[in-house]
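Asks: Dropping the structure in here first, questions after.
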Amino acid sequence: MHIQKFEDAMKACRFCFMCRHLSAVGNVTFSESDTPRGRALLLDKVSMNPEFLRSEAVVSTMYQSDLSACCRFHCVSHYDENGLVLAARRDIVEAGAAPENVGKLAAELGKSAAFKVSGKKADTIYFIDRYTARQPEISGAFDKIAKAAKVPYMTITGGCLGKALKTLGFENEAKKAASAFAKALAASGAKVVVVSNPAAYDALKNDCPALGIKLKCKVMHTSEFIAGKLAGLKLRKPAGKASAVYYLESDFLRNYNEVAAPREALTRCGFKLLPFGTNNEESYSAGEGACVLPELNPGLVKLLAEKVASRCDDAKKDTLVTASPYTKHVLTKYAGLKVKTIEEMVSSLL
Amino acid sequence: MLPSTSNYMFEMIRSELTDAVGKEYVDVREADRFAHSVDYYWIPEMWHDRNMPNPQADLIVHPGTAEEVSKVMKIANTYKIPVVPWGGGSGSQGGALPVLGGILLDTKRLNRVWKIDTTALTVTAGTGIIMRHLEWEVNKAGYSTMHLPASIACATVGGFLAHRGTGVLSTKWGKIEDMVMSLEVVLPTGEIINTLPIPRHASGPDLTMMFLGSEGTLGVITKVTLKIHPQPEARKFRAYLFKTFDDAMDAGASLMRSRLRPCAIRLYDEEETRHHVKRVFGLDDISGSYLVFGFDGYEKIVDLEMEEAMKIMRKYDVRDLGSKGGDMWWENKYKFFYPPYMFHMPQAFGTLDTVATFSDIKNVYHAMKKVVNENFPEARFIGHFSHWYEWGCMLYARFIFEKAPADPREAAALYNRVWDLAIRAAIANGGVINEHHGVGLKLGRLMKELYGPAKELVLDKLKKELDPNNIMNPGKMGFGF
Ligand SMILES: Cc1cc2nc3c(=O)[nH]c(=O)nc-3n(C[C@H](O)[C@H](O)[C@H](O)COP(=O)(O)OP(=O)(O)OC[C@H]3O[C@@H](n4cnc5c(N)ncnc54)[C@H](O)[C@@H]3O)c2cc1C
Ligand code: SF4
């Protein structure tokens, strides 16, 4: 079983309570099984009784994890409880025990992986993923910035580049999708691929090499791209109330990759970053790490979004800034919050 | 007892509970019942590790208000179903385990911060809030509860109240019982009561103190008002290495007798210094007994106190590790509790914490050490002293077997034997069963030995009067089934 590769995490987390306060799902369901300890304990039982893997208890718990990796980020030993859950999902899929809605979604995602490159040949290519495509203001803002920075770019569109499939436990399908993306990318001749969605960033930075897919391109999150171009941009200083914003950490950028560019880009533009909620360490994840949680469990995503809303100083007035189109989408849709992405914030100063 | 889940009567009771707290807050899912069957007590962990089924609750309820808790209690009384409060499950004594099944009342939805009073400097909160979340809320307002236990991230405020818990700054700021202003409690029969709004009075016996440490056997604590404090301007530490543990203990006691007010003192015996302080801090060249202390408050006063404390230390043959040696402890104070630093299977381990006066504490330590070493030569005994009072201090002793017997029953028997002998040695020398982890399932059998006739004459009668159907956390604290 794949979970055996994460035996160290399983054995460490099964009796450890030290990061439960950061368990976004656990904090809204109040269930002990929705904590790193609870999940590891269940999987430890699976390692002793493999037939338990197929139980509703294990399957449903694994598929409602937020996969935020806040626990790994916090843990002094950085045990990979997230990796353990992903391995369990893979085991579940391979055992043919994936829930019907998961199987259906995976089939749709697999079919969607057909990528199209548009625009004139350029060194840079911008990936418009599903969540960015749903919110055209994000790609619009990127376009404005790229033009101001005089960076010609192509676009690549299409469905899942493998990340959502991988998080669902469909490793082979994820590999196929990632290969299709890599092929389209290679054919485009681009040297740099820029993505707005941190999930895509993580897929290209970490999943592709792990799946044996070599990318010839440099991978950048838009915040990194923007931070690199700021010196050449003529930006107004943010003024008045609009200059103070609450930045919400991204699961993928902070907890998986430790990318500091979003904060850097915002502060260098003159925005004052107010502390959101009570503490920077707190997990305000709305399920970004799980990529497709709204499709699987909208009720849970609503709870997560409402939890974030409840931590706002003024949910009606505050502007939240995120580096994740996913987070913008769910916080807007499920909690009615005012959320902007880094691209939008910076382009508003042009 | 609850009827089996195949009996429609089970559904009748479940419907009543659903009506009381809402459908989404009555959980019968196997996943959650399973996760609630193991707390931080070694026995259920070992039982799980040996692939044995732990006893599970039949139903888990997550009430969101005292009124909902009250309704649950009334239903439980009608059908005489056990109710076990569960906060974070981080208790090490098995207190939150649903050993007889029944209803597990998870308090985590009682997590509202009701009020931060910046005039009286108090905070009122639901007891199901995770301590770390409460501390962050209070920090945001510019204050601190000063209750900073190693389990701050995983235990609820209610759990600390139920166990009379303690934090790393207890030496100055007190244990949780010193921090409480008042409580709201749902009695086992479902009535909601409040204790007096202030902790100091001459209006009869103190009801607040009666419920503190009651470990869910006398009711569910649903709301608490705690003192809060301004964040100190400075907090400074200094560490020393003593040649012997006895010298270090004398120095620590002198520091407390001087009536200086350190916020923390921690003294590690030679064994723990050698194995754990060294490993966690990455210090290579240390031996002897490590003592660290700190002061907090206005910087000028902190510096003055530190100077006086250093004078006391200089009277001994010590190596001064300076403020760096002290800061290292503060920065790593919780690191001990994360894997792999914490003890883990296949080890068998337990924290034999007790407390005694300065006249008795060395005897307690040596007696416990002797009894463990002599009876269990394969076990290691280590200890540190982490919470200090004007009159004595707390011993946080631990025993560790590198490998427990594979047979779970043998392992449990061995484990219980260590506790019986070590705790009896503590009691015989002026110690008590426990200082801040509570009694729970682990130590209930020793309550009679500790309290003598007062157990039956006072504690048992109190329990019977408040909980006539014995539904509240049966089997814990020596109250039996
Ligand atoms: C890594 C680690 C470090 C620790 N460090 C410390 C430390 O520094 N200081 C310290 O004091 N303890 C420490 N502990 C022990 C533990 O955190 C405490 O005993 C804590 O008080 C338990 O709180 P909980 O919410 O987890 O309670 P639980 O374990 O859920 O319950 C403990 C007992 O309290 C009862 N209870 C819980 N909530 C209520 C309520 N609202 N009303 C009535 N009864 C209730 C339960 O029935 C049970 O009997 C540590 C534990 C761990 C895992
Ligand atoms: S990730 Fe680290 S802190 Fe969290 S449960 Fe696992 S070992 Fe404990």
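Asks: Quick one: residue A:266 ticks every box in (1) assigned to a loop (DSSP other than H, G, I, E, B); (2) of a type in the set (A, V, I, L, M); (3) open to solvent by less than 40 Å² (accessible area, probe 1.4 Å); (4) under 21 Å from residue A:150 (Cα atoms) bar one, so which box is it?
Replies: For residue A:266, the failing item is (1).
Asks: Which one of these is charged (D, E, K, R) and in contact with a Phe, Trp or Tyr (Cβ under 6 Å, 6 or more places away or on another chain): B:403, B:476, B:463, B:448? It would help to see each step written out before you state the result.
Replies: Details: B:403 fails: in contact with a Phe, Trp or Tyr (Cβ under 6 Å, 6 or more places away or on another chain); B:476 fails: in contact with a Phe, Trp or Tyr (Cβ under 6 Å, 6 or more places away or on another chain); B:448 fails: in contact with a Phe, Trp or Tyr (Cβ under 6 Å, 6 or more places away or on another chain).
None of the other options fit; the residue is B:463.
Asks: For the range A:187-214, name all the residues that are within 16 Å of residue A:125 (Cβ to Cβ) and open to solvent by less than 20 Å² (accessible area, probe 1.4 Å).
Replies: First, the residues of the range A:187-214 that are within 16 Å of residue A:125 (Cβ to Cβ): A:187-197, A:200-201, A:203-205, A:208.
A:188, A:190, A:193, A:194, A:195, A:196, A:197, A:200, A:201, A:203, A:204, A:208 - these are the residues of the range A:187-214 that are within 16 Å of residue A:125 (Cβ to Cβ) and open to solvent by less than 20 Å² (accessible area, probe 1.4 Å).
Asks: Answer yes or no: is there a residue in the range B:52-68 that is over 16 Å from residue B:107 (Cα atoms), of a type in the set (Asp, Glu), open to solvent by 10 Å² or more (accessible area, probe 1.4 Å) and within 11 Å of chain A (Cβ to nearest Cβ). Steps first, answer last, please.
Replies: Residues of the range B:52-68 that are over 16 Å from residue B:107 (Cα atoms), as a first pass: B:52-56, B:58.
After this cut, where a residue has to be of a type in the set (Asp, Glu) as well, the list is B:58.
After this cut, where a residue has to be open to solvent by 10 Å² or more (accessible area, probe 1.4 Å) as well, the list is B:58.
Then keep just the ones that are within 11 Å of chain A (Cβ to nearest Cβ); that gives none.
Checked against the condition, which is being over 16 Å from residue B:107 (Cα atoms), of a type in the set (Asp, Glu), open to solvent by 10 Å² or more (accessible area, probe 1.4 Å) and within 11 Å of chain A (Cβ to nearest Cβ), the range B:52-68 yields no hits at all.
Asks: Can you tell which of A:350, A:303, A:331, A:320 is closer than 20 Å to residue A:242 by Cα, open to solvent by 50 Å² or more (accessible area, probe 1.4 Å) and among the aliphatic types (A, V, I, L, M)?
Replies: A:350
Asks: Can you tell me which of B:165, B:190, B:159, B:128 is in contact (Cβ under 8 Å) with a residue 60 or more places away in the chain, within 8 Å of ligand 1 (Cβ to nearest atom) and part of a loop (DSSP other than H, G, I, E, B)? I'd like the intermediate steps shown before the answer.
Replies: Numbers: B:190 fails: within 8 Å of ligand 1 (Cβ to nearest atom); B:159 fails: part of a loop (DSSP other than H, G, I, E, B); B:128 fails: in contact (Cβ under 8 Å) with a residue 60 or more places away in the chain.
Testing whether each residue is in contact (Cβ under 8 Å) with a residue 60 or more places away in the chain, within 8 Å of ligand 1 (Cβ to nearest atom) and part of a loop (DSSP other than H, G, I, E, B) leaves just B:165.
Asks: Sticking with this one: Do you know which residues across the range B:249-268 are assigned to a strand (DSSP E or B) and open to solvent by 10 Å² or more (accessible area, probe 1.4 Å)?
Replies: The initial filter retains those residues of the range B:249-268 that are assigned to a strand (DSSP E or B), namely B:264-268.
Answer for the range B:249-268, where residues must be assigned to a strand (DSSP E or B) and open to solvent by 10 Å² or more (accessible area, probe 1.4 Å): just B:266.
Asks: Can you name every residue in the range A:49-80 that is of a type outside the set (Phe, Trp, Tyr), within 16 Å of ligand 1 (Cβ to nearest atom) and buried (at least 20 other Cβ atoms within 10 Å of the Cβ)? Explain how you work it out, then say what you get.
Replies: Going through the range A:49-80, the residues of a type outside the set (Phe, Trp, Tyr) turn out to be A:49-51, A:53-62, A:64-72, A:74-78, A:80.
Next cut, within 16 Å of ligand 1 (Cβ to nearest atom) only: A:71, A:74-77.
Within the range A:49-80, A:71, A:75 meet the criteria.
Asks: Can you tell me which residue within the range A:1-13, out of those that are more than 8 Å from chain B (Cβ to nearest Cβ) and either in contact with a Phe, Trp or Tyr (Cβ under 8 Å, 6 or more places away or on another chain) or charged (D, E, K, R) (or both), is nearest to ligand 2 (Cβ to nearest atom)?
Replies: A:9
Asks: Mind listing whichever residues of the range A:23-52 are hydrophobic (A, V, I, L, M, F, W, C) and at the interface with chain B (Cβ under 8 Å from one of its Cβ atoms)?
Replies: Filtering the range A:23-52 down to residues hydrophobic (A, V, I, L, M, F, W, C) leaves A:24-25, A:28, A:30, A:40-43, A:46, A:48, A:52.
Correct list: A:30, A:41, A:42, A:48.
Asks: Here's a follow-up. Please name all residue pairs, on different chains or six or more residues apart, with Cβ atoms under 6 Å, provided the first residue is in the range B:72-91 and is within 13 Å of another protein chain (Cβ to nearest Cβ) and the second residue is charged (D, E, K, R) and assigned to a loop (DSSP other than H, G, I, E, B).
Replies: B:89/B:39; B:91/B:39
Asks: Also, I was wondering about something else. If I ask for residues that are open to solvent by 60 Å² or more (accessible area, probe 1.4 Å) and part of a loop (DSSP other than H, G, I, E, B), which ones from the range B:202-213 would you list?
Replies: Those that are open to solvent by 60 Å² or more (accessible area, probe 1.4 Å) and part of a loop (DSSP other than H, G, I, E, B): B:202, B:203, B:205.
Asks: If you don't mind, there's one more thing I want to ask. Evaluate the following for residue B:156: is it surrounded by 24 or more Cβ atoms within 10 Å (Cβ to Cβ), away from ligand 2 (no atom under 16 Å from the Cβ), within 11 Å of another protein chain (Cβ to nearest Cβ) and closer than 19 Å to residue B:64 by Cα?
Replies: When the stated conditions are applied, residue B:156 passes them.
Asks: Any idea which of (1) at the interface with another protein chain (Cβ under 9 Å from one of its Cβ atoms); (2) open to solvent by 20 Å² or more (accessible area, probe 1.4 Å); (3) free of Cβ contacts under 8 Å to residues at least 40 places away in the same chain is the one residue B:31 doesn't satisfy?
Replies: If we test residue B:31 against (1) at the interface with another protein chain (Cβ under 9 Å from one of its Cβ atoms); (2) open to solvent by 20 Å² or more (accessible area, probe 1.4 Å); (3) free of Cβ contacts under 8 Å to residues at least 40 places away in the same chain, just (2) comes out false.
Asks: Out of B:220, B:186, B:138, B:180, I need the residue that is among the β-branched types (Val, Ile, Thr), more than 13 Å from chain A (Cβ to nearest Cβ), open to solvent by less than 10 Å² (accessible area, probe 1.4 Å) and within 26 Å of residue B:297 (Cα to Cα). Which one? Step through it out loud before you land on a result.
Replies: Working: B:220 fails: within 26 Å of residue B:297 (Cα to Cα); B:186 fails: within 26 Å of residue B:297 (Cα to Cα); B:138 fails: more than 13 Å from chain A (Cβ to nearest Cβ).
Criteria check complete, one pass: B:180.
Asks: Give the number of residues within the range A:264-280 that are within 14 Å of chain B (Cβ to nearest Cβ) and not β-branched (Val, Ile, Thr).
Replies: Let us first name the residues in the range A:264-280 that are within 14 Å of chain B (Cβ to nearest Cβ), namely A:274-280.
Now narrow it down to the ones that are not β-branched (Val, Ile, Thr): A:274-277, A:279-280.
Residues meeting the conditions: 6.
Asks: So if I check each of B:307, B:271, which one is surrounded by 16 or more Cβ atoms within 10 Å (Cβ to Cβ) and either among the polar types (S, T, N, Q) or away from ligand 1 (no atom under 15 Å from the Cβ) (or both)?
Replies: Values: B:307 fails: surrounded by 16 or more Cβ atoms within 10 Å (Cβ to Cβ).
Residue meeting the stated conditions: B:271.
Asks: Could we say that residue A:182 is more than 30 Å from residue A:231 (Cα to Cα), touching a residue at least 24 places away in the same chain (Cβ under 8 Å) and open to solvent by less than 10 Å² (accessible area, probe 1.4 Å) here?
Replies: no
Asks: Among the listed residues A:267, A:222, which satisfies the condition of being touching a Phe, Trp or Tyr at 6+ places or on another chain (Cβ under 8 Å) and either assigned by TED's automatic domain parsing to the domain that holds residue A:150 or among the hydroxyl-bearing types (Ser, Thr, Tyr) (or both)?
Replies: Details: A:267 fails: touching a Phe, Trp or Tyr at 6+ places or on another chain (Cβ under 8 Å).
When all the criteria are applied, what remains is A:222.
Asks: Which of the residues that make up the range B:97-119 are away from chain A (no Cβ under 14 Å) and open to solvent by less than 10 Å² (accessible area, probe 1.4 Å)? Before the answer, list the steps.
Replies: Within the range B:97-119, the first condition is being away from chain A (no Cβ under 14 Å), and the residues that meet it are B:99-103, B:114-115, B:117-119.
Result: B:101, B:102, B:103.
Asks: A further question on this structure: Mind checking which residues of the range A:281-293 are more than 10 Å from chain B (Cβ to nearest Cβ) and out of contact with any Gly (no Cβ under 7 Å at 6 or more places or on another chain)?
Replies: In the first step, residues of the range A:281-293 are kept if they are more than 10 Å from chain B (Cβ to nearest Cβ); the result is A:283-293.
Matches in the range A:281-293: A:283, A:285, A:286, A:287, A:288, A:289, A:290, A:291, A:292.
Asks: Looking at the range A:192-214 only, could you name the residues that are within 26 Å of residue A:136 (Cβ to Cβ) and of a type outside the set (S, T, N, Q)?
Replies: Scanning the range A:192-214 gives A:192, A:193, A:194, A:195, A:198, A:199, A:200, A:201, A:202, A:203, A:204, A:205.
Asks: So, one more: Among B:144, B:170, which is the only one that is more than 16 Å from ligand 2 (Cβ to nearest atom), crowded, with 23+ Cβ neighbours inside 10 Å, in contact (Cβ under 8 Å) with a residue 40 or more places away in the chain and more than 27 Å from residue B:38 (Cα to Cα)?
Replies: On the way: B:144 fails: crowded, with 23+ Cβ neighbours inside 10 Å.
Just one listed residue meets the conditions, B:170.
Asks: Please find, among A:31, A:55, A:47, A:118, the residue that is among the hydroxyl-bearing types (Ser, Thr, Tyr) and either over 25 Å from residue B:53 (Cα atoms) or within 15 Å of ligand 2 (Cβ to nearest atom) (or both).
Replies: Working: A:31 fails: either over 25 Å from residue B:53 (Cα atoms) or within 15 Å of ligand 2 (Cβ to nearest atom) (or both); A:55 fails: either over 25 Å from residue B:53 (Cα atoms) or within 15 Å of ligand 2 (Cβ to nearest atom) (or both); A:47 fails: either over 25 Å from residue B:53 (Cα atoms) or within 15 Å of ligand 2 (Cβ to nearest atom) (or both).
Every option except A:118 fails the conditions.
The values are calculated or read from the model by the stated rules, or taken from the named source; none is laboratory data. No experiment lies behind these values; they were computed from the predicted model shown. Heads up, the Cβs are rebuilt from the backbone with ideal geometry, glycines too, and the neighbour counts pull from every protein chain shown. Please note that ligands, DNA and RNA were not included when accessible areas were found on the heavy atoms of the full protein model with its side chains. Shrake-Rupley method; radii C 1.70, N 1.55, O 1.52, S 1.80 Å.
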